[in-house]
Amino acid sequence: VAFPSPMTIPPGVKAVGFDMDMTLLDSVVDFERMTHVVEDEMVSLGVPDEVIAKDRVVRSMDNSLGWLIANGRKDALAHMEENIERRATAIEMEKVEQVKPHKGAKELLYELKAAGYPVGLLTRGSRTYVERALAVAGLEGMFDAIITRTDYSQADSKPSPKAMEHLGEKLGVEPSSIL
């Protein structure tokens, strides 16, 4: 993976944000199994198959949440999110000890910090997984802000634009000034 040198960062950029899995880290999370966790939970709550978007977890969640609310099942949302979170985190943690940083990731983070850029991490991983993965990869303590899927509501998690707003708040910059 080739990372840009801090010397090539465009003017107006005040902070740098990264995704974690398969960007900074070579991780071994079974994302397909995590997708099935969401689908299984929706099916168990009676969400019709045609509402569940089998190609995208986030769209599937959005469609299914909308269907549950529209069909008077808002009471099931908290329990559903707890079940999905518990199962998804268990899958993330199965092979977390095998995580490795991509070549040059640590050096890039050091360069960015030395150049004065606040550095953030915005990921769909759980806080538990992220903290352990960063420790295993030797990147613990390298970030000025970390936003995970468990820090805010599902609606505010990546890829929602709200997640980037939260990162900007934590880094003390406008989201538009984050590379």
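Things worth noting here:
- Of residues in the range 2-31 being of a type in the set (A, V, I, L, M), open to solvent by less than 70 Å² (accessible area, probe 1.4 Å) and under 19 Å from Thr148 (Cβ atoms), the one modelled with the lowest pLDDT: Val28
- In the range 146-179, residue surrounded by the most Cβ atoms within 10 Å (Cβ to Cβ) [restricted to those that are of a type in the set (A, V, I, L, M, F, W, C) and closer than 25 Å to Ile84 by Cβ]: Ile147
- Only one entry of Asp144, Asp151 meets the criterion of being over 12 Å from the mean Cα position of the chain (by Cα) and farther than 15 Å from Val29 by Cβ, and that entry is Asp144.
- Looking across the range 32-48, just one residue is part of a helix (DSSP H, G or I), under 18 Å from Lys74 (Cβ atoms) and open to solvent by 20 Å² or more (accessible area, probe 1.4 Å), and that is Ser44.
- Reported count of residues in the range 102-130, each being open to solvent by 50 Å² or more (accessible area, probe 1.4 Å) and under 19 Å from the mean Cα position of the chain (by Cα), is 3.
- Residue in the range 67-77 that is within 25 Å of Leu167 (Cα to Cα) and not in a strand (DSSP E or B) present: no
- Filter result for the condition that a residue is open to solvent by less than 80 Å² (accessible area, probe 1.4 Å), more than 22 Å from Leu24 (Cα to Cα), in contact (Cβ under 8 Å) with a residue 24 or more places away in the chain and within 17 Å of the chain's Cα centre (by Cα), over Glu81, Glu92: Glu81
- When restricted to residues that are outside any helix (DSSP H, G or I) and in contact with a strand residue (DSSP E or B) (Cβ under 6 Å, 6 or more places away or on another chain), the range 103-138 contains 6.
The values are calculated or read from the model by the stated rules, or taken from the named source; none is laboratory data. Owing to the predicted nature of the structure, the values given are computational and were not obtained by experimental measurement. For neighbour counting, all protein chains shown are included, and Cβ atoms are generated from backbone atoms with ideal geometry for every residue, glycine included. SASA here: full protein model, heavy atoms, side chains in, ligands and nucleic acids out. Shrake-Rupley method; radii C 1.70, N 1.55, O 1.52, S 1.80 Å.
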